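Okay, structure first, notes after.
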Amino acid sequence: MKVQIALFASLSRYQPDGEGGRAPREFELAEGTTIADIILSLGLPDEPRVVFVNGRHAPDDHVLAEGERLAIFPPVAGG
Amino acid sequence: MTRDILRVDMGDLSITRQPLPDAWRRYGGRALTDAIVYSEVPPDAEPLGPDNVLVFAPGILGGTSAPNGGRISVGGKSPLTGGIKESNSGGQAAHALARNGIAAVVVTGAAADPDARYCLVIENDGSASLERVDEWAGLGNYDLAEEIAATRPEGDRYATIQTGPAGEAGAKAAGIAFSDPKGYPNRFAGRGGLGAVMASKGLKAVVVSDKGHGFLGHADKEAFNASMKRFATALKDHAVTGQALPAYGTNVLTNILSEAGGLPTRNFSHGTFEMADDIGGERQAETIKARGGEEHHGCHTGCTIQCSRYWMDKDGHYKTKGPEYETAWSFGADCGIGDLDEIAELDRACGDLGLDTIEMGATMAVYMDSGALEFGDADGALKALMSGVEGGTPGRVLWNGAAATGKEFGVGRVPTVKNQAMPAYDPRSVMGIGVTYATSTMGADHTAGYTVATEILKVGGEADPLKPEGQAELSKNLQIATAALDSLGFCIFVAFPVLDIPEAFAALHELAAAHTGDEWDADSLMQVGREALTFERLFNEKAGFTAADDRLPAWMMTEKLPPHNVVFEVTDAELDSVFDFVPDTAREMGLA
C-alpha cells in the first residue's frame, strides 16, 4: 500500500532520500505497518513528537492504511 | 525597591510622581493596568476622548534579571472593542521603566490643541518632562525612531514607545510600537487600537533612558538567583523553548496548524493552505540564513528563548521583524498570499504606519472576500493599505478593522468577537481556542488562554481540538494562569515549560517572593490572575457587555470548515461557565 509521509522542522533531514524539505514522500509499505514501525525505520530521535494522520492526532500504534498522509513534527509551539 | 506611579496629565501638561498604593503592591503588568483602568476610566468613556487613560506597566519582575521577565502591559479602554484592553509587548521599555522605579505611567486627559504633539521624556534619574514635537506629526515609526535618536546624547541607552500615522488618524487597529534591543521600533502592543488612544492624548512618543542602571536588586538575592537558575534550566531543557522557537521562530506553527486543518485560509473558508510551507518558519529560517541575516535574538534584554528574527530583503538589508506567525498567517494564508517577501512588505508597512498586523491581515482577507481584490493579490493589498495615508478609501475603512470593513463592503463572513479579529487558529477545528476567543474580555485573542498548546501541540497535557468536551475548563484555567504571567511581566512562552515542568512553575512565585520580599505561592499567584480578570469582567459589564457578547459569529456554528468539515460545538452554557469565579473573587476584592 502507498502512504504519504511528511517530516517537519528538525525532522525533515530524516527523509531517506537525504534531501530534507517538508514535501511529503510516497512510501510503499507492507500491510499492518504502524507509525511506530515508521519511526523506527526512519531512525527518528527518541524524543517527544506530534504525529498526525490525515490531519488528526494519531498514536504510535496506529496501523496505516492505503492513501493516508502521515505527518510528524518535533515539539513545536509559538503564537 | 521603588515602585511609583508617574502621572502625566496631557490637559495641563503636569507630571507628578506618587507611590504605588499599598493595596496594589501585588499588582504589576496586566493586573496593575486593569486596576488603574477599572478605577479611573468611566465605563461609558469615549475611548478617544480625554476621560480615557492610557497605562504602561512593567510586570512585578520588570527590571530584574528574571529570564523573559521584561514584557510590558498597556491598558486603556479600547476604541475597537469598547471594552477594557491590556495589550502586551516585548521591547526594552519595561526594564527601562522599572529601573527608574516606575511601576506604571498613567497618561490622562488630552492636549488642548489637537494639532500639538508631545514626547514624554523620562531620564535615567527618574525625572520626566513633556517636550513639544509638532514637527513629528505624521511620522512613520521608523523615521520617528531616527528623530528621537537625534535628540539623545551620545552614548545614551534608552527605550522608545511610539504611535504612528494610523494612531494619529484615530484608526481602531492602531497599535503602539516599542523599540527592540537594537532600537528598531518593531515590537508591538498591537491589539485593540491603543495606538489611537495614545495619539488622541497628543502623545506621539515616550523615551525612557536607563543608561547606567543595572538589574534591580532583590529582597533575597540568594533565593532569587537559585530560582532563576532552575527557571533558566527549564527554559533551555524544554524542546519548545530550548530548540524549536530559537531555531524557527513563532512561525514554526504554520505547517503544523495547516496539517491539523486549523490554519484559517482565504478569510476562514478553509483550514489548510496549499502554500503553507512557502510561508512557514522552516522556509523563513532558510531564507534569512541564505540572505546573511542573523539566526535569532530576543525581543527584550534577558530573553533566553530568542524567538525573534529580522527579515532581510533580497539584498540582505533589514526589512522588518519576523514576520511572526500571526502575521505570516494573516497576510499569508488568510489572504491567499504564499510569498514571505510579499508578506514582509505588508508587515513593514503596518509596522511603519503603526497598525496591528493580526487585525489588518484579517481585515484585508475580509476585503478580498468582498470581491474588491483577488485573494493572493499582495500588490493590491499594499496599495489598499497605503491608501489610508492620504485619508482616502478604502484605507481609512480598513484601518478600522475587520468588523468595520465587513460592514462597509457587505461581507457576511467576518471573523470577529467583540469587534476584534480572530488570530491564526480556526475555532471550528481548534475548539478550545474558540472558547478563549468567545469569552476573553479582550475580544478574539489567542494569547488570553492559549489552549492551542494542549490541543494541537501536546504541551501541558492533551485535548482533542475537534471535540467540545473539556474545552471551557481548559480555557478558564489558562486564562487565569495567563493573567498571572502577564502581571509578573513574563513572556507567555514561558508557559510551555511551566505547563510541563513542575520546578518551572514553582520558580514563578519563588522569583516574585525573592524579588519583592512579599509572600507568594501558587495560590496567591493564581489569585492575582483571577483578580485581573475580575477587574476586566466588571469593567466590561459596566460598559454594557452581556453573555451575548461572549459568542462566536453565528456562521461558525453552521458553515462547515474543510478539510474536517466541522463547526464550533461548545455550548453557550459552557461558554458562560468560564467566568463563574468572578462573583466570588469580586467579593474577596471588596468590589461586589
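Taking chain A, how much of its Cα-Cα pair set, in percent, is spaced more than 14 angstrom apart? Summing the P(r) tail past 14 Å for chain A gives 58 percent.
Mind giving me the FRET efficiency for residue A:2 and residue B:229? R0 is 45 Å, r the Cβ-Cβ distance, nearest 0.05 is fine.
Numbers: r = 51 Å, r/R0 = 1.14.
It comes out at approximately 0.30.
Counting neighbouring Cβ atoms within 10 Å and putting the fewest first, the residues B:270, B:218 line up as B:270, B:218.
Other protein chain C-beta atoms within 10 Å of residue C-beta, averaged over A:47-53: 3. Restricted to Cα atoms, the protein assembly as shown shows a radius of gyration and a Dmax of 23.6, 80 angstrom.
Using only the Cα atoms, work out Rg/Rh for region B:270-425, with Rh taken as the Kirkwood radius, to two decimals.
Reported Rg/Rh, Kirkwood definition of Rh: 0.98.
I'd like the distance between the alpha-carbon centres of region B:221-278 and region B:133-207, rounded to an integer number of Å. The distance from the Cα centre of region B:221-278 to that of region B:133-207 comes to 28 Å. Taken over the alpha carbons of region B:85-146 as equal point scatterers, the Debye sum produces base-10 log I(q)/I(0) values at 0.17, 0.18 Å⁻¹ of -0.82, -0.92.
From the P(r) of region B:142-217, could you give the percentage of C-alpha pairs in the tail past 15 Å?
Details: 1556 of 2850 pairs.
Above the 15 Å cut-off, region B:142-217 has 55 percent of its Cα pairs.
Distance between the C-alpha centres of region B:520-563 and region B:75-120: 23 Å, rounded to the whole angstrom. With each run of n ≥ 4 DSSP H residues scored as -39500 (n - 2.57), what mean residue ellipticity at 222 nm is computed for chain B after dividing by its residue count and rounding to the nearest 500 deg cm²/dmol? So the helix-based figure for chain B works out to -10500 deg cm²/dmol.
About its Cα centre, what dipole magnitude does chain B give when the only charges are +1 on Lys and Arg Cβ and -1 on Asp and Glu Cβ, stated in debye to the nearest 20?
Details: 49 positive and 83 negative charges, 134 e Å.
The dipole magnitude comes to about 640 debye.
Projecting the Cα positions of B:512, B:553, B:262 onto the charge dipole of chain B (unit charges on Cβ atoms of Lys, Arg, Asp and Glu, taken about the Cα centre) puts B:512 furthest along the positive direction. Each of residue B:135 and residue B:317 was given a label point 7 Å from its Cα along the Cα-to-Cβ line. The distance between the two points is 2.5 nm. Using alpha carbons only, how many angstrom separate the centre of region B:1-60 from the centre of region B:287-315? That distance is 34 Å. Here's the picture: charge each Lys and Arg Cβ at +1 and each Asp and Glu Cβ at -1 in the protein assembly as shown, and of B:327, B:535, A:18 the one pushed furthest to the positive end of that dipole is B:535. On the principal axes of its alpha-carbon atoms, region B:4-209 has extents of 41, 39, 28 Å, going from largest to smallest.
Dipole orientation for region A:2-73: of the candidates A:30, A:40, A:73, A:73 has the Cα lying most toward the positive pole (charges on Cβ; Lys, Arg +1; Asp, Glu -1). Note on residue B:211 and residue B:581: their simple-model spin labels are 4.6 nm apart, each label 7 Å out from Cα toward Cβ.
A DSSP coil position with no more than 10 other Cβ atoms inside 10 Å describes the following GluC sites (Glu not before Pro) in region B:509-592: B:519. As an exercise, identify the GluC sites (Glu not before Pro) in chain A lying in DSSP coil whose Cβ has no more than 14 other Cβ atoms within 10 Å. Within chain A, the qualifying GluC sites (Glu not before Pro) (loop, at most 14 other Cβ atoms within 10 Å) are A:19, A:31, A:66.
When you count the other C-beta atoms within 10 angstrom of each residue and take the mean per peptide, B:179-191, B:103-115 line up highest first as B:179-191, B:103-115. Take each residue of peptide B:251-260, count the partner chain Cβ atoms within 10 Å of its Cβ, and average: the result is 5. Quote the relative contact order of region B:4-209 in percent (integer), defining contacts as alpha-carbon pairs under 8 Å separated by 6+ residues. Reported as a whole number, the value is 23 percent. Take the Cβ atoms of residue B:17 and residue B:374, set R0 to 51 Å, and the FRET efficiency comes out at 0.40.
For a Förster distance of 51 Å, can you work out the FRET efficiency between the beta-carbons of residue B:25 and residue B:555, rounded to the nearest 0.05?
0.65
Dipole size of the protein assembly as shown about its Cα centre, with +1 on Lys/Arg Cβ and -1 on Asp/Glu Cβ: approximately 920 debye, rounded to the nearest 20.
Per residue, the convex hull around the alpha carbon atoms of region B:347-494 comes to 126 Å³.
Modelled spin labels at residue A:61 and residue B:588, positioned 7 Å past Cα toward Cβ, are 4.3 nm from each other. For region B:255-314, the list of GluC sites (Glu not before Pro) that fall in a loop by DSSP and count at most 16 other C-beta atoms within 10 angstrom reads B:274, B:294, B:295.
In chain A, the calculated helix contribution to ellipticity at 222 nm averages -2500 deg cm²/dmol per residue, counting -39,500 (n - 2.57) for every DSSP H run with n ≥ 4. Residues B:343, A:39, ranked from the fewest to the most other C-beta atoms within 10 Å, line up as A:39, B:343.
Rounded to the nearest 20 Debye, what is the dipole magnitude of region B:4-209 about its Cα centre when Lys and Arg each give +1 and Asp and Glu each give -1 at the C-beta?
Values: 19 positive and 24 negative charges, 171 e Å.
So the dipole magnitude of region B:4-209 works out to roughly 820 debye.
Normalised by 2.2 N^0.38 Å, with N the number of residues, the alpha-carbon radius of gyration of chain B equals 0.87.
Throughout, read-outs are computed from the coordinates displayed, never taken from laboratory work. In this text the structure is predicted, and so the values were computed from the model without any measurement. Using ideal geometry, Cβ is built from the backbone for each residue, glycine included, and neighbour counts are taken over all protein chains shown.
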